[in-house]
Every structure is written in C-alpha cells, then in structure tokens.
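Peer 1: For reference, the structure I am asking about is given below.
The values are calculated or read from the model by the stated rules, or taken from the named source; none is laboratory data. Since we're looking at a predicted model, the values are computed, not measured. Neighbour counts run over all protein chains shown; Cβ positions are idealised from the backbone, glycine included.
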Amino acid sequence: MNPNQNKRHIKKVIVLTISLIVLAFSATYAYFTSSFNEPTTTTATAGIFNVESTLEVVNSIKNKRMILIDQEEVEEKADYLEFTVTNKEDSTVDGKFDLFLRDMKITRNLKVSDFKWELLKEGTKISEGTFENAKENGEKEKITDGVDRTQVDLEGIKITTSPIELPKNTTVTLKFRLYILNDKERNQIDLTEGSFEGRLYLEAVPVSELQKAQQEVEQP
C-alpha cells in the first residue's frame with residue numbers, strides 16, 4: 001500500500017458548531033444557553049471517523065441573579081456547560097480535537113481580568129483565560145470619558161492549549177465555565193450592564209496508525 005494514501009484522511013476535519021453563550025451582567029441578570037447540530041460522520045480513505053457530543057441535548061442554563069463570585073466559590077457558583085465528546089464504536093481510527101471560541105461579541109467593560117473562562121477535562125482544569133487582551137475586529141472608537149460599554153466583535157481564540165486525544169470508542173467529559181471574579185479590594189460597578197456572546201467550535205481530526213508511529217519515533 002502506498003503510505004501517502006494512508007495520510008489523506010488526516011486532513012479531514014470535523015467542525016461542530018455550538019451556539020454556546022449569551023451572557024449579560026446587569027445588576028441582577030444573566031442568561032446562558034446552548035444548542036448543537038446533529039452528530040457528524042466523515043468517511044476517509046483509511047477508515048471511518050465518527051464523532052458526536054452530548055452538547056446537542058444539554059439543557060440551557062438560565063441565571064437571573066448573576067453575581068460576583070469569590071475564588072473559593074467558583075466550583076459551586078460559576079455558570080458552566082458540561083458535555084462529552086465521543087469517538088464512536090464504529091470509528092476505525094483514533095482522533096484528536098481542539099476547542100475554539102469564535103463569533104464573539106463583548107462590551108468593552110467586560111474586557112477585563114475579572115471576567116474569566118475555564119476549561120476542565122475529567123474534572124481537572126486544563127486551560128483558562130480572560131478576554132482582556134482579545135483582539136477586536138474593526139475599529140470602533142474608544143470612549144475615554146466614563147465607562148466604555150461599546151459592543152465589539154472579537155477575533156476567535158483557541159481555548160485548548162494542545163489537542164485533546166480521542167481514541168476509538170472513547171468518551172471525554174469536559175466542562176466550560178464563565179464567571180466574574182469578585183475583588184474585595186475595589187468597586188466593580190463598571191462591570192454592570194456588560195454583555196458577552198459567542199460560539200464554541202470543536203474541530204476534530206482523525207489520526208492514522210502511520211501518523212502515530214511517526215510521532216512515537218520522533219519522541220525522545
């Protein structure tokens with residue numbers, strides 16, 4: 001068999017688009033919702049790669065009393081979405097996937113270090129960040145006199161630090177959460193009337209036996 005034929009399916013990418021978040025931080029209100037498209041299957045020259053996620057059936061979260069959260073309360077009180085990603089039993093190849101936040105809109109008063117996101121795998125935090133330094137699309141004028149609550153579009157960000165492995169017939173459990181951290185040393189009234197929305201994208205690719213063998217050889 002020509003080894004190059006085995007490599008073709010590595011370029012196949014499954015993109016699962018999830019309408020994930022609509023958040024508002026006014027005095028007492030926030031809304032968080034999710035939906036998901038149908039499970040996606042791609043057939044490659046070297047096998048079948050069938051990935052699906054429970055995001056399609058996860059219930060929406062409605063929180064009408066969003067509050068600032070102390071660090072020790074994050075696990076209990078942060079808004080989150082828990083879901084699984086499965087490489088189904090009829091797949092014939094292993095896979096890996098990354099997660100991205102795209103199609104984001106945010107008011108500038110939430111582009112601060114207090115507004116945080118976290119990604120957990122099997123209960124362990126694997127990445128975290130804020131939108132403080134996220135790049136804006138377009139050039140909307142910045143307000144310097146008072147609080148800037150202008151809504152802007154953000155460039156997408158990758159929220160996985162490295163691809164998550166997804167062997168055949170395996171399920172990975174993930175939790176994505178967002179919260180505004182309470183700072184007891186200063187007034188955070190500027191964060192009120194802020195809003196955020198975005199989409200979470202999952203991009204999964206199959207990994208051939210040939211590619212895995214090459215990776216093992218390259219490892220020290």
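Peer 1: Restricting attention to segment 152-168, and to residues there that are in a strand (DSSP E or B) and within 11 Å of the chain's Cα centre (by Cα), which single residue is surrounded by the fewest Cβ atoms within 10 Å (Cβ to Cβ)? Spell out the reasoning first.
Peer 2: From segment 152-168, those in a strand (DSSP E or B) are 152-154, 157-158, 164-166; that's our starting set.
Now narrow it down to the ones that are within 11 Å of the chain's Cα centre (by Cα): 157-158.
Working: Ile157: 17, Lys158: 15.
Taking the candidates together, the pick is Lys158.
Here's the yes/no breakdown for (1) at pLDDT 90 or above; (2) in contact with a Phe, Trp or Tyr (Cβ under 9 Å, 6 or more places away or on another chain); (3) over 23 Å from Pro167 (Cα atoms); (4) not β-branched (Val, Ile, Thr):
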{"site": "Phe83", "(1), (2), (3), (4)": "no, yes, no, yes"}
{"site": "Glu89", "(1), (2), (3), (4)": "yes, no, no, yes"}
{"site": "Val93", "(1), (2), (3), (4)": "no, yes, no, no"}
{"site": "Phe100", "(1), (2), (3), (4)": "no, yes, no, yes"}
{"site": "Arg108", "(1), (2), (3), (4)": "yes, no, yes, yes"}
{"site": "Lys111", "(1), (2), (3), (4)": "yes, yes, yes, yes"}
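Peer 1: Here is a follow-up. Does Ser195 count as modelled with pLDDT under 90, on the phi < 0 side of the Ramachandran plot, over 20 Å from the mean Cα position of the chain (by Cα) and small (Gly, Ala, Ser)?
Peer 2: Working: modelled with pLDDT under 90: yes; on the phi < 0 side of the Ramachandran plot: yes; over 20 Å from the mean Cα position of the chain (by Cα): no; small (Gly, Ala, Ser): yes.
Taking the combined requirement at face value, the residue does not satisfy it.
Peer 1: I've got another one for you. For segment 130-144, give me each residue that is under 15 Å from the mean Cα position of the chain (by Cα) and in a loop (DSSP other than H, G, I, E, B).
Peer 2: Correct list: Phe131, Ala134.
Peer 1: Please specify each residue of segment 169-185 satisfying the condition of being over 23 Å from Phe49 (Cα atoms), assigned to a strand (DSSP E or B) and among the polar types (S, T, N, Q). Before the answer, list the steps.
Peer 2: Within segment 169-185, the subset over 23 Å from Phe49 (Cα atoms) is 175-185.
Cutting the leftovers down to assigned to a strand (DSSP E or B) gives us 175-181.
Residues satisfying the conditions do not exist here.
Peer 1: Please indicate, with yes or no, whether at least one residue in segment 180-191 is of a type outside the set (A, V, I, L, M) and either modelled with pLDDT of 95 or more or within 20 Å of the chain's Cα centre (by Cα) (or both). Show your work before the answer.
Peer 2: Going residue by residue through segment 180-191, those that are of a type outside the set (A, V, I, L, M) are 182-188, 190.
Checking the rest, the ones that are also either modelled with pLDDT of 95 or more or within 20 Å of the chain's Cα centre (by Cα) (or both) come to none.
No, every residue in segment 180-191 fails to be of a type outside the set (A, V, I, L, M) and either modelled with pLDDT of 95 or more or within 20 Å of the chain's Cα centre (by Cα) (or both).
Peer 1: Please find, among Lys175, Lys140, Lys125, the residue that is among the basic types (Lys, Arg) and under 20 Å from Ala204 (Cα atoms). Please lay out each step first, then the result.
Peer 2: Working: Lys140 fails: under 20 Å from Ala204 (Cα atoms); Lys125 fails: under 20 Å from Ala204 (Cα atoms).
Matching residue, one of Lys175, Lys140, Lys125: Lys175.
Peer 1: Another question about this same structure. Out of segment 73-129, which residues are more than 18 Å from the chain's Cα centre (by Cα) and of a type in the set (Asp, Glu)?
Peer 2: Passing the criteria: Glu73, Glu76, Glu89, Asp90, Asp94, Asp114.
Peer 1: Among (1) within 19 Å of Leu202 (Cα to Cα); (2) of a type in the set (Asp, Glu); (3) surrounded by 15 or more Cβ atoms within 10 Å (Cβ to Cβ), there is one condition Asp114 misses while meeting the rest; what is its number?
Peer 2: Every listed condition holds for Asp114 apart from (1).
Peer 1: Mind listing whichever residues of segment 169-205 are surrounded by fewer than 19 Cβ atoms within 10 Å (Cβ to Cβ) and among the basic types (Lys, Arg)?
Peer 2: Lys175, Lys184, Arg186, Arg199
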